[in-house]
Each structure stands twice: as C-alpha cells, then as structure tokens.
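Undergrad: So that we are looking at the same thing, I have put the structure below in structure tokens.
The values are calculated or read from the model by the stated rules, or taken from the named source; none is laboratory data. The model shown is predicted, which means the values in this text are computed figures rather than measured ones. Please note: Cβ atoms are built from the backbone with ideal geometry, for glycine as well, and neighbour counts cover all protein chains shown. Surface accessibility is based on the protein's heavy atoms, side chains included, excluding ligands, DNA and RNA. Shrake-Rupley method; radii C 1.70, N 1.55, O 1.52, S 1.80 Å.
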Amino acid sequence: MAVSASQHHSLCKLIVSPFSLPNRNPHLIKNPNPSPNPVRGRFRRFACSSIAASTPAAPSEEKNSPSLGDSTRSDFPILNQVINGKRLVYLDNAATSQKPTAVIKVLKEYYESYNSNVHRGIHFLSAKATDEYEQARRKVAAFVNALEPREIVFTRNATEAINLVAYSWGLSNLKSGDEVLLTIAEHHSAIVPWQLVAQQTGASLKYIGLTKEQVPDVDQLKKLLSKKTKLVVTHHVSNTLASVLPIDQIVHWSHDVGAKVLVDACQSVPHMSVDVQKLNADFLVASSHKMCGPTGVGFLYGKSELLSAMPPFLGGGEMIADVFEDYSTYAEPPSRFEAGTPAIGEVIGLGAAIDYLSNIGMQRIHQYELELANYLYDSLLTIPNIHVYGPAPSETTHRAALCSFNVEKLHATDIATILDEMHGVAIRSGHHCAQPLHRFLGVNSSARASLHFYNSKKDVEFFIEALRDTIDFLTKFQPSS
C-alpha cells in the first residue's frame with residue numbers, strides 16, 4: 001500500500017540511542033560473568049505512522065469471537081500505528097497504561113468548555129469544574145469501595161501519596177525503637193520515604209525476603225510482627241515478580257499487634273476489583289496513569305479517623321480554615337491535604353477512566369488478564385536459556401499479567417532495544433524501581449513484558465517470535481565458545 005505524503009512527512013527522525021551502556025554486566029542467573037562483546041551504541045532510525053501505512057501481516061487470530069483485547073484495542077488511538085515498520089505491540093503497561101478515546105475526549109472537553117479553578121468560585125465555569133472534580137472523587141471512592149468520598153485524597157501520583165503518609169502520619173507517630181516492616185520487593189517509592197522518616201525519628205526498617213518460589217514470605221512477615229511494629233508497608237501485586245499478596249491476612253495479623261498497614265495498589269487497582277473495606281487496610285495508594293487515566297494524579301485512601309488526626313503535609317491555599325498573622329487553622333480532610341490548585345483536568349480524566357473500566361467490568365478484566373498472564377508465562381518458558389522471575393502459576397497461585405526475565409549471556413537493555421527497533425515491540429528493561437529486589441535475586445536488571453486488557457494472545461505470540469529473532473540476532477555478537 002502506498003504511503004501518502006502527509007503520512008510520510010509525519011514522523012521520521014534520527015535519534016541516538018545506545019544499545020549498551022559502558023561497564024554493564026549481563027544480569028543472568030546461570031552465567032553472571034560479563035558478556036565479552038556487547039552490542040555497542042549506534043544510530044537508530046525511529047519511524048512511526050498511521051496503521052493505514054504499509055503494515056506487515058498480523059499474527060494469525062483464532063477463529064472465534066473477539067477477545068476483550070481485540071474488542072477494546074480500537075478504543076486506544078495510540079495503538080493504531082506502525083513503529084519502525086511494524087504494527088505497534090505495547091507491552092509496557094506496568095510502567096504506564098494507554099488512554100482510551102473516552103478519557104482524551106473528557107480532558108479536551110474540560111480545557112475547551114469549562115476550564116476554571118475549583119472551589120470558592122461562584123461563576124458557571126468554576127461551579128461546573130468543581131462539580132466534575134468532586135464527582136471524580138466520588139467515582140474513585142465507589143471504585144475502591146471507600147466508606148465515604150472524604151477518605152479519598154488526590155495527589156500528584158502514588159509516590160506523593162506515600163510521602164503524605166510518611167511525613168504526616170509517620171513523623172507524628174514513629175519514634176526510636178519503633179519498627180516498620182516492608183517486603184524486599186517494594187517499589188522505591190514505598191522504601192525511600194520511610195528511610196527518610198526513620199532517619200528523623202530513630203525508627204528502624206525491617207525487610208521480609210522471598211520464598212523459594214520467589215514470592216514475598218508472608219510467614220516470615222507474620223513472625224517478625226511484634227508490639228514494636230507500628231507500620232507494615234506492602235505492595236498488593238509486585239511490579240517485577242507478578243506475585244499477589246494476601247492483603248486481608250496481612251492486615252489482620254498487623255492489627256493484632258496494633259500496627260497500621262499501607263498498601264501500594266498501583267499494580268492491582270487497574271487490573272482487579274479492590275475493596276478497601278474488605279481488605280481493611282489503613283492506607284492504600286494508586287496512580288491514575290496506570291489505570292487508563294491521565295498522568296499527574298494519583299490518590300490516597302485513608303481511614304477517616306486516621307486522616308482527621310493527621311497534620312497537614314503541605315501548606316498553602318485550599319487546605320486552610322482560617323489564616324491569621326501568627327497561626328492558621330486547617331480544613332478537614334481531604335482538603336487539608338490538597339494544598340494549592342490541583343490537577344483539575346487530570347482528576348476529571350481519572351473519573352472518566354474509572355467510568356471506562358467500570359463499563360467493561362473489573363471482574364471481566366481480571367479474568368481475562370489471568371488467562372493472558374498464564375499464556376505469557378508459558379510462552380516465555382518455551383525459549384531456551386530464559387529465567388522468568390516470580391512464582392509459577394497454578395490453580396492456587398495466580399500471577400499478574402507481567403513477566404520479568406533474563407536470557408543467558410544477553411543484556412536486558414539490548415533485548416528491549418532490538419525488540420523495539422526491529423519489531424515494534426515495546427517492553428521495559430532495568431531494575432523497575434526495585435533495586436533491593438534485584439540484588440536479592442542476584443541480578444542488576446531484567447527485561448519486563450506487561451499486559452493490560454487491550455492486549456491479546458496474538459500480541460503475546462508476536463512478542464515471543466520477535467524475542468526469538470532478537471535472541472538469534474544478539475547471539476551473533478557473542479564470541480563462539
């Protein structure tokens with residue numbers, strides 16, 4: 001098919017992207033010795049265009065009713081393009097999700113029709129913006145089954161939500177001799193704030209390791225709980241291991257010793273039904289951009305009595321009741337923790353994303369992604385010399401729809417680069433903001449393919465074939481034994 005001049009004009013540019021960084025070691029389980037001949041940096045031709053351009057044949061599709069991935073893919077305009085001459089296969093959803101037309105449309109409508117600051121304004125635009133902003137809060141509360149909307153605090157992202165708890169609750173409640181328990185698999189955003197608070201309060205951090213199945217050891221966590229434990233910080237779903245933790249049990253054990261629990265739900269809220277009342281967690285955080293919403297906004301769920309007892313995190317407009325020359329009084333939550341002009345359009349966009357997900361149904365999404373998760377895991381295991389991290393799926397062990405892996409004698413970044421440049425497949429490489437976990441595993445980094453409901457089995461099949469070709473290509477640069 002001929003490519004139009006406008007299509008061709010669009011999107012060709014030359015960028016420099018090194019295949020390999022100097023002084024890197026291959027991150028392999030079976031052979032930790034450095035690869036003597038890594039692929040070196042070179043120019044990289046990047047081109048993308050509409051899918052209407054000349055497109056290679058898509059992998060064969062099963063002759064049955066369309067999957068959830070096939071039926072929703074067209075809702076995401078960004079997926080309708082060719083990258084480096086190949087149909088885009090986006091498998092980096094654990095880093096960020098793509099945005100459906102419904103969300104993009106709502107953002108556009110806000111900025112074109114009723115852009116205004118929220119709260120206090122009496123004119124039409126401000127009233128409408130305020131109504132939509134607060135309606136989004138109600139949507140989030142309903143989505144995670146919070147008891148009431150005021151238990152939802154909007155933040156810039158999940159990282160800021162954790163910092164809010166650390167600096168407001170942590171500095172007020174932790175002291176020398178207290179302990180904070182974390183798993184070794186936590187994201188840096190759930191570790192670093194507590195390191196900073198521990199330095200100021202004298203509290204100590206204790207880490208839970210992994211079982212032989214490479215799952216955070218909840219039995220060890222249970223044994224480490226004591227009257228010294230004031231807080232347990234844990235993910236719901238690991239962004240590297242794909243493991244799912246029994247949060248309700250962890251909360252029960254923690255509450256028995258008087259400890260609070262903060263749950264990082266960034267990898268669970270977008271993929272399954274999460275009920276904060278059933279989990280009974282004290283705090284829970286999630287991020288809009290991982291759940292088909294805009295970047296720049298996340299949220300903190302906190303039990304009402306805890307939020308009401310916490311001092312402000314930031315000072316300024318909106319979070320006050322009255323300001324005098326030498327002191328101020330503060331608003332009730334959630335306003336107390338939302339100083340300044342918030343990300344209004346982004347919050348409204350998050351509300352639209354929740355509408356979109358809810359219309360599909362979170363249980364439907366979860367069941368579909370369980371099937372995709374097993375298919376991805378099993379498919380990867382057909383590749384020689386590969387190590388996939390995390391537990392093997394079974395009837396009782398469910399994996400999230402992501403796999404972190406390494407291939408013997410090959411560097412994760414080389415794999416990710418060639419997949420993108422030669423096949424149009426987007427995955428991630430690095431430590432995934434989980435350096436302590438990678439050190440525990442004995443590697444420095446890994447490659448990660450992560451799926452969402454708009455992916456399909458044919459995406460997995462295309463990825464697996466592309467990975468085989470990538471391994472063959474990179475192996476040519478390895479010295480013969």
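Undergrad: Return the residues of region 341-391 that are surrounded by 15 or more Cβ atoms within 10 Å (Cβ to Cβ) and not in a helix (DSSP H, G or I); say none if nothing qualifies.
TA: Residues satisfying the conditions are P342, A343, N385, I386, H387, V388, Y389, G390, P391.
Undergrad: State whether one or more residues within region 440-453 are over 21 Å from N84 (Cβ atoms), assigned to a helix (DSSP H, G or I) and either open to solvent by less than 60 Å² (accessible area, probe 1.4 Å) or out of contact with any helix residue (DSSP H, G or I) (no Cβ under 7 Å at 6 or more places or on another chain) (or both).
TA: Looking through region 440-453, at least one residue is over 21 Å from N84 (Cβ atoms), assigned to a helix (DSSP H, G or I) and either open to solvent by less than 60 Å² (accessible area, probe 1.4 Å) or out of contact with any helix residue (DSSP H, G or I) (no Cβ under 7 Å at 6 or more places or on another chain) (or both).
Undergrad: Then there is this: Could you please let me know if S243 is closer than 20 Å to I365 by Cα, within 13 Å of the chain's Cα centre (by Cα), touching a residue at least 24 places away in the same chain (Cβ under 8 Å) and crowded, with 20+ Cβ neighbours inside 10 Å?
TA: No, not satisfied.
Undergrad: Another question, then. Scan region 280-293 and give yes if some residue there is open to solvent by 40 Å² or more (accessible area, probe 1.4 Å), over 18 Å from P334 (Cβ atoms) and not β-branched (V, I, T), otherwise no. Spell out how you get there, then give the answer.
TA: Applying the first criterion (open to solvent by 40 Å² or more (accessible area, probe 1.4 Å)) to region 280-293 yields 280.
With over 18 Å from P334 (Cβ atoms) added as a condition, the list becomes 280.
This time we only want the ones that are not β-branched (V, I, T), so: 280.
The answer is yes, given that some residue of region 280-293 is open to solvent by 40 Å² or more (accessible area, probe 1.4 Å), over 18 Å from P334 (Cβ atoms) and not β-branched (V, I, T).
Undergrad: Please work out which residue is most open to solvent (accessible area, probe 1.4 Å), limiting yourself to region 196-224 and to residues that are hydroxyl-bearing (S, T, Y) and under 25 Å from L171 (Cα atoms).
TA: Of everything passing the filter in region 196-224, Y207 is most open to solvent (accessible area, probe 1.4 Å).
Undergrad: Scan (1) open to solvent by 40 Å² or more (accessible area, probe 1.4 Å); (2) touching a Gly at 6+ places or on another chain (Cβ under 8 Å); (3) at pLDDT 95 or above for the single condition K86 breaks and write down its number.
TA: (3) is the only condition that K86 fails.
Undergrad: While we're looking at this one, here's another question. Restricting to region 241-283, name every residue that is among the polar types (S, T, N, Q) and touching a helix residue (DSSP H, G or I) at 6+ places or on another chain (Cβ under 6 Å). Walk me through it before giving the result.
TA: Narrowing region 241-283 to residues among the polar types (S, T, N, Q): 243, 249, 254, 267-268, 273, 277, 280.
Hits for region 241-283 are S273, N280.
Undergrad: Would you say D275 is out of contact with any Ser or Thr (no Cβ under 9 Å at 6 or more places or on another chain) and among the charged types (D, E, K, R)?
TA: Judged against the criteria, D275 is a match.
Undergrad: Before we move on, is W169 over 25 Å from L241 (Cβ atoms), buried (at least 22 other Cβ atoms within 10 Å of the Cβ) and of a type outside the set (V, I, T)? Walk me through it before giving the result.
TA: On the way: over 25 Å from L241 (Cβ atoms): yes; buried (at least 22 other Cβ atoms within 10 Å of the Cβ): yes; of a type outside the set (V, I, T): yes.
Taking the combined requirement at face value, the residue satisfies it.
Undergrad: In addition: For region 173-192, name all the residues that are under 19 Å from Y389 (Cβ atoms) and open to solvent by 10 Å² or more (accessible area, probe 1.4 Å).
TA: Those that are under 19 Å from Y389 (Cβ atoms) and open to solvent by 10 Å² or more (accessible area, probe 1.4 Å): I184, H187, H188.
Undergrad: Another question, if that's okay. Quick one: which residue in H431, H411, H423 is touching a helix residue (DSSP H, G or I) at 6+ places or on another chain (Cβ under 6 Å) and over 18 Å from A95 (Cα atoms)?
TA: H423
Undergrad: Quick check, is R120 under 16 Å from I344 (Cα atoms), touching a Pro at 6+ places or on another chain (Cβ under 7 Å) and surrounded by fewer than 17 Cβ atoms within 10 Å (Cβ to Cβ)?
TA: Details: under 16 Å from I344 (Cα atoms): yes; touching a Pro at 6+ places or on another chain (Cβ under 7 Å): no; surrounded by fewer than 17 Cβ atoms within 10 Å (Cβ to Cβ): yes.
Considered against the rule, which asks whether it is under 16 Å from I344 (Cα atoms), touching a Pro at 6+ places or on another chain (Cβ under 7 Å) and surrounded by fewer than 17 Cβ atoms within 10 Å (Cβ to Cβ), R120 comes out as no.
Undergrad: Has region 424-431 got at least one residue that is under 20 Å from I83 (Cβ atoms), open to solvent by 10 Å² or more (accessible area, probe 1.4 Å) and in a helix (DSSP H, G or I)?
TA: The answer is no, given that none of the residues of region 424-431 is under 20 Å from I83 (Cβ atoms), open to solvent by 10 Å² or more (accessible area, probe 1.4 Å) and in a helix (DSSP H, G or I).
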